[in-house]
1. I need two numbers for chain B: Rg to one decimal and Dmax as a whole number, Cα atoms only, in Å.
2. Enumerate the whole-percent occupancy of each 10 Å bin, from 0 to the last occupied one, for all C-alpha pair distances of the protein assembly as shown.
3. Calculate the dipole size of the protein assembly as shown relative to its Cα centre from +1 charges on Lys and Arg beta carbons and -1 charges on Asp and Glu beta carbons; express the result in debye to the nearest 20.
4. Tell me which of A:Leu273, B:His216, B:Leu54 sits at the most positive position along the dipole axis of the protein assembly as shown, charges placed on C-beta atoms (Lys, Arg +1; Asp, Glu -1).
5. Count of lysine pairs in the protein assembly as shown with Cα atoms under 29 Å apart, counting only pairs 8 or more residues apart in sequence or on different chains?
6. Looking at the protein assembly as shown only, what percent of DSSP beta bridges run antiparallel? Nearest 5 please.
7. For helix A:117-132, report the angle its Cα long axis makes with the longest principal axis of the Cα atoms of chain A; keep it between 0 and 90° and round to the nearest 10°.
8. May I ask for the distance between the Cα centers of segment B:135-189 and segment A:30-103, given as a whole number of Å?
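All of the numbers you see were taken from the coordinates with simple rules; none came from a lab. Predicted model only: the values in this text are computed from it and were never measured. Positions of Cβ are backbone-derived with ideal geometry, glycine not excepted, and every protein chain shown enters the neighbour counts.
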Amino acid sequence: MSANSRPAHGEHPTREALRMFARSPVAVVGFALLGAIVALALLGPMLMPADPFDIVAAPLSPPSFQEALLGTDQQGRDVLTGIVHGGRATLAVGLSAALVSVLIGITVGAIAGFFGGTIDEILMRVTEFFQVLPALLFSMVLVTLFTPTLMTIALSIGAVSWTATARLTRAEFLKLKELDFVAAEHVIGAGKGRIIWGVILPNALPPLIVSATFAIGTAILFEASLSFLGLGDPNRMSWGLMIGSSRSYILSSWWAVTFPGCMIFLTVLAVSLIGDGLNDALNPKLRERR
Amino acid sequence: MTAAGLLRIEGLSVEFGSGDNLARVLNDVAFEMKPRETLGIVGESGCGKSMTALAIMRLVPNPPGRISAGRIVLGGEDLLQATDARMRDIRGNRIAMIFQEPMTSLNPVFTVGSQIAESLTLHLGLSGAAARARGVELLKAVGIPSPEQRFDAYPHQLSGGMRQRVMIAMAIACEPELLIADEPTTALDVTVQAQIFDLLRSIQQARGMGLILITHDMGVIAEMTDRVVVMYGGRVVEQGATRDVLARPAHPYTRGLVACVPTLEMDGDGEPADLPEIPGVVPSIWELQTGCPFADRCNVVLPWCRQEMPAATLIGVAHWVACWQRQEGRP
């Protein structure tokens, strides 16, 4: 491609990516699915104001149209109400844990990749230390050290799951910091902070956005695991808590664990589909194949 | 050494690595520039041209590189003594630089306007509408059609020549005293090259900047520069007024470079004349140098050339050469 033959047309890269995203059926399905789940979590409790911890029928009643549509658990609590109310906690923890993990990961990775040398060595050894720790065990320790609230759970999940983002960010920075436009920033006298956050990071964002999306899915599964193990916030209904409290009855009363399990599955699936769609839309190599 | 000089470089040495892996990429480089002068730095790849430019900006990659000796005096101030904050203030403001590759020198995720405005914000404190107005003015000054629209264009929407014009607009945004152009047209088509050189020349004259033009093309040197510095193996081997150096090249390497310029003349049998070449390759920077770095490729080498580097000798009006052939006697 000759330097001068390129037509001077084009659109904003973000808008182009959005258009690519909207064209991908997988991404649209994921987006619609996640939208429905978020709407359920946000609006559902208003439509079904009953307390999800209330006993509504005999324990372990099977799904029926008369009493509980999706059945009850071993304490007689309505599974449907639990699902509607539990979505908020699951999504809130998933999102904020992913946010914490991405913030730590980007900061560590950006500093390591940009400065290199001893700083890089130290930060990468720290990252490896966190990588070899069994993540679930470590976050269990963190949660039990503090009172399990949504905040501490999100922080402890974020604190154990930032390593992949850090490595990805570092790799992007190592690649980008050698490019001419970064040298050009040095040449006009821009400071290091400006170059890291204002010049290199925006160019590293496409893969990081994809990775952040997948991080949400991982964090939701993580939250479910912690709740399943009884380490969630016992005063907040969540899908993981529902699965955990009814796990002994899975063979006799399948509904108590299956329905919340399906919700987790659908949520993580939706997030993954969006991640795939974003990957296609933001990856310049795939984009050129249009 | 006139007080009115723009830039004076003395004994500049740059080293990479340490101990057994020590490489001297610049060795005792010295030259000076008057205001409004165009200085050409010419030499093969790897001879230290670009490293000299980076050293002037104090942007030698460190580690592994460092400036190990010398002085770089810009308008009376030694840049090697300046603090990092002072240096950031000087870069882009008093010294600006243009790179070889306009396709990659612009940040792909921001508009060209915002990249021009950045320098204005950093050094002149302009922002918003004022920065935009000044940016559009700069785009106009570098000959970009419909600058208002182009201000909001992304780099990928511009051709290579247009991008190099944008780079020049960014470089002159703060009215620098010195502009360093590192092979500014190597990546462009021949017709665009001529346009960019015309632009550089008119901008330099209009704004009274000093211009350092780094190139490997003797044709560009002849066309554009007042003085020329010929570098080889990290050393300055010859320097002087461009017409003197081209008319009476004293160093065998300069003679080779001058002879390498293709001409349209025919030889006796009506065929185009064969283009002479300089045999051999540039010595690796990792080889320990004693003596003249050009000795292995030189056709008039003397026995002691490999033992000691000749000092620069004055052979005309401000025309210096570092060659034993032009020295009285031997070491």
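1. Values for chain B (Cα only, Rg and Dmax): 21.0, 67 Å.
2. Values per bin, smallest distances first: 3, 13, 19, 18, 15, 11, 8, 6, 4, 2, 0, 0.
3. Numbers: 48 positive and 56 negative charges, 191 e Å.
Using Cβ point charges on Lys, Arg, Asp and Glu, the protein assembly as shown gives about 920 debye.
4. A:Leu273
5. Lysine pairs satisfying the spacing and distance rule in the protein assembly as shown number 9.
6. Numbers: 31 of 50 bridges.
Of the beta bridges lying entirely in the protein assembly as shown, close to 60 percent run antiparallel.
7. Orientation of helix A:117-132: about 20 degrees from the principal axis.
8. Segment B:135-189 and segment A:30-103 have Cα centres separated by 58 Å.
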